[in-house]
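S.K.: Please read through the structure below; I'll follow up with questions.
The values are calculated or read from the model by the stated rules, or taken from the named source; none is laboratory data. Note that the coordinates shown come from a computational prediction; the quantities given were computed from them, not determined experimentally. A quick note on method: Cβ atoms are made from the backbone with ideal geometry, for glycine too, and the neighbour counts reach across all protein chains shown. Quick note on the areas: whole protein, heavy atoms, side chains included, nothing else; ligands and nucleic acids left out. Shrake-Rupley method; radii C 1.70, N 1.55, O 1.52, S 1.80 Å.
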Amino acid sequence: MTALLFGCGWADGAPVVGLWENQAVLDTQLKVVARPNYVFTDRQLTEPTVFTGLQPHGSGQIVVCCVKVSKLTAVNLHTVLKKYAVDSGFTEHMQGIKGLPYVYEAEPVDSKQWTRLMQVVMRIAANKEDGSPYSVPVIGAVFDKTETLPATFPVGSQKARLTARNTADGNATRYQFTLDGKVTTFSEPSEPHD
């Protein structure tokens, strides 16, 4: 298994981490009016970056490949919230993301590179009748044609680990990326369950 780093550009070689948000915006009739893609990051991006989603599952991670950020100008979250103010659920969720100060517009990579879970997510996103939200922690690296990773996995010359836990009140999910001992923690509101 090979991890190719994209857009890390940092002296310590640590890749950027964050969250990919693929959240439907619903109007007052609960119809999908938009489904923007944003990546929230722990650091400012200095070059175009491809992000792989890692969905914690059992004792490992399911790989969700991939989204890319090409526009290096971070978006103003207040402007995004104003644009999609018709959906209070969308705005509350986006406002509730903590620990990731930068927000970028993102787009899926070419479909030939998609993993099985990415295909499912994109199929749901393409359905105008399905308002299901999706979000996943991401890392600025690409893993060579793999569908799953163990709990601890290599990223370049570093060891990486991702954990996810619900807060005690169940209102948020807290993620923790550990890269060679350096810890980055962030959270997002838990999605409502029917």
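S.K.: Which one is surrounded by the fewest Cβ atoms within 10 Å (Cβ to Cβ) among residues in the stretch 120-145 that are among the hydrophobic types (A, V, I, L, M, F, W, C) and closer than 24 Å to residue 47 by Cα?
M.R.: Applying the first criterion (among the hydrophobic types (A, V, I, L, M, F, W, C)) to the stretch 120-145 yields 120-122, 124-126, 136, 138-139, 141-143.
Retained after the next criterion (residues that are closer than 24 Å to residue 47 by Cα): 136, 138-139, 141-143.
Details: 136: 23, 138: 29, 139: 26, 141: 27, 142: 21, 143: 23.
Going through the qualifying residues, I end up with 142.
S.K.: Please go through (1) of a type outside the set (Lys, Arg); (2) more than 24 Å from residue 94 (Cβ to Cβ); (3) surrounded by fewer than 19 Cβ atoms within 10 Å (Cβ to Cβ) for residue 170 and return the number of the only condition it doesn't satisfy.
M.R.: Residue 170 satisfies every listed condition except (2).
S.K.: I've got another one for you. Scan the stretch 169-191 and give yes if some residue there is under 16 Å from the mean Cα position of the chain (by Cα), over 21 Å from residue 100 (Cβ atoms), part of a strand (DSSP E or B) and at pLDDT 90 or above, otherwise no.
M.R.: Among the residues of the stretch 169-191, not one is under 16 Å from the mean Cα position of the chain (by Cα), over 21 Å from residue 100 (Cβ atoms), part of a strand (DSSP E or B) and at pLDDT 90 or above, which makes the answer no.
S.K.: Exactly one of these conditions fails for residue 106: (1) in contact with a helix residue (DSSP H, G or I) (Cβ under 9 Å, 6 or more places away or on another chain); (2) of a type in the set (A, V, I, L, M, F, W, C); (3) crowded, with 16+ Cβ neighbours inside 10 Å. Give me its number.
M.R.: Status for residue 106: all satisfied but (1).
S.K.: Another question about this same structure. Step by step: first the residues of the stretch 48-82, then only those that are of a type in the set (D, E, K, R) and either at pLDDT below 95 or in contact with a Phe, Trp or Tyr (Cβ under 8 Å, 6 or more places away or on another chain) (or both), then the one that is surrounded by the most Cβ atoms within 10 Å (Cβ to Cβ). Which residue is that?
M.R.: Selected residue: 68.
S.K.: Continuing with the same structure: In the stretch 22-34, what residues are crowded, with 19+ Cβ neighbours inside 10 Å and either touching a Leu at 6+ places or on another chain (Cβ under 7 Å) or part of a loop (DSSP other than H, G, I, E, B) (or both)?
M.R.: Within the stretch 22-34, 23, 24 qualify.
S.K.: Taking residue 165, is it open to solvent by 80 Å² or more (accessible area, probe 1.4 Å) and closer than 26 Å to residue 71 by Cβ?
M.R.: Here the answer is no, as residue 165 does not meet what is asked.
S.K.: Another question about this same structure. Looking at the stretch 96-128 only, could you name the residues that are out of contact with any Ser or Thr (no Cβ under 9 Å at 6 or more places or on another chain), farther than 15 Å from residue 36 by Cβ and not in a loop (DSSP other than H, G, I, E, B)?
M.R.: 111, 112, 113, 116, 117, 120, 123
S.K.: Since residue 117 meets every condition but one in (1) open to solvent by less than 80 Å² (accessible area, probe 1.4 Å); (2) within 21 Å of residue 41 (Cα to Cα), which condition does it not meet?
M.R.: Result: residue 117 fails condition (2) only.
S.K.: Considering each residue of the stretch 138-168, count those that are more than 12 Å from residue 60 (Cβ to Cβ), part of a loop (DSSP other than H, G, I, E, B), touching a residue at least 60 places away in the same chain (Cβ under 8 Å) and not acidic (Asp, Glu), and give that number.
M.R.: The qualifying residues number 3.
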